[in-house]
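Right, one structure below, let's go through it.
The values are calculated or read from the model by the stated rules, or taken from the named source; none is laboratory data. Keep in mind that this is a model prediction, so the values were computed, not measured. As a convention, Cβ positions derive from the backbone with ideal geometry for all residues, glycine included, and neighbour counts pool all protein chains shown.
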Amino acid sequence: MTPDQILTAHRAKPAVLHGLPERVVFCKRCVMSNQRPSTSPELVKRDTKIDTVGFDDDGVCHACKFLEIKKQIDWPSREKQLLQLLDKHRSKDGSWDVIVPGSGGKDSAYVSHILKAKYGMNPLTVTWPPHAYTDIGWKNFQQWLRKGGLDNVSLTPNPKVHATLTRLAFLNLLNPFQPFIIGQKNLAPRVALEKKVPLIMYGENQAEYHNKLVENASPLMSRAHYTAKADQKFFFGGVALEKLAEHGVRRGDLEPYLPIAEADAEKLGIEIHYMSYYHAWQPQENYYYSVEHTGFEPNPERSEGTYSRYASLDDRVDGFHYYTMFVKFGQGRAMNDAAHEIRDGHISREEAVALIHKYDGEFPKKYYQEFLDYIGIDEGQFVEAIDKNRSPHLWDYQGGEWKLKHRVS
Ligand SMILES: [Zn+2]
């Protein structure tokens, strides 16, 4: 397309896409944008309307509000609650008594290690592998199991099916991670059911950051998030399950992605708990802990789109997850990382703003060709899908370039 055609197409769109808030606000404390989705964008249904981060009238986001609440929490009493829970489940003969989902990143390494070493549990780790392991991701995964002495169940989905779903999710929703997120989320409950281990322990409650504040008041993930009712309809990549046959994907191919039945979860008493409810959650502390105890290594190089080297580094496709978020919400990986680090007191707001201006939205060029080959599209289709999803309330097209209308300052 010529620049004029791009501009005409951009102006023909509705003013606000994706159901985002029309007014862009950045948190006065932590720099986070109010355009950020508060949950992983609709996991099963077609994602037309996205819930975004809560903000109070004083311009402070709910994740920052939670920080104040967190200071008031009686952590010793929370640990007692954890002990009671673990005492109820702990096996006497060393058989599995808790499931820890993860891929050997710093958070799952931390959770599985303290469950085993400090609390005498016998974790079964469960992994939905990345689309394509990075070298460092694969190394960390192996170290995690080896050093921790942990059993692991991994389920690698059919790569053809997974690539097809990822392509649809990219082209229809600009959310290439949707199939991965669905598979990952539903795998641990499936293994729990199969192995009859009802307790699942996650690391952080996403609510800790950007879900609704009320969700932080419970240690449990709501069952509605990971089970299905008998008459539930499913969508993958924005396509109804029944229509996927047109793309060469049959019902049976989707088995690994589907949630367990609500009735089965209830019968076995499956519960997903968050460690962040019982232990004050500090990503950087988890990093130091996992380096010391599980041999975790940070990325030898900076991840594209941010300045950080220790989060989300095991998948070569990661960069496209963050880049598409940046296009849809004007909020990228550096903003994510910086907001956490301000809240944890590691960097100042001023430093954060500078890092965001420098790195947010950086194009993930390292694995670009690999990504195009993986989902089977060409560069023209890539650019078209990207530009189609730039909401006019966030993006301007001037002098042959895309520019964000609002930047944090
Ligand atoms: Zn904030």
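How about segment 49-89: which of its residues are of a type in the set (Gly, Ala, Ser) and either outside the structural domain of Gly203 (by TED's automatic domain parsing) or under 17 Å from Gln282 (Cα atoms) (or both)? Within segment 49-89, Gly54, Gly59, Ala63 qualify. At least 1 residues being surrounded by 17 or more Cβ atoms within 10 Å (Cβ to Cβ) and in contact with an Asp or Glu (Cβ under 7 Å, 6 or more places away or on another chain) is the threshold, and among the helices (runs of 4 or more DSSP H) wholly inside segment 242-303 those reaching it are 275-278, 283-294. Scanning segment 104-119 for residues that are surrounded by fewer than 24 Cβ atoms within 10 Å (Cβ to Cβ) and part of a loop (DSSP other than H, G, I, E, B) yields Gly105, Tyr119. Residues in segment 66-77 that are within 11 Å of the ligand (Cβ to nearest atom) and touching a Phe, Trp or Tyr at 6+ places or on another chain (Cβ under 9 Å): Phe66 only. The set of residues in segment 339-353 being within 12 Å of the ligand (Cβ to nearest atom) and modelled with pLDDT of 95 or more consists of Arg349, Ala352. In the set Asp87, Asp56, only one residue is acidic (Asp, Glu), more than 30 Å from Asn389 (Cβ to Cβ) and exposed (fewer than 13 other Cβ atoms within 10 Å of the Cβ); that residue is Asp87.
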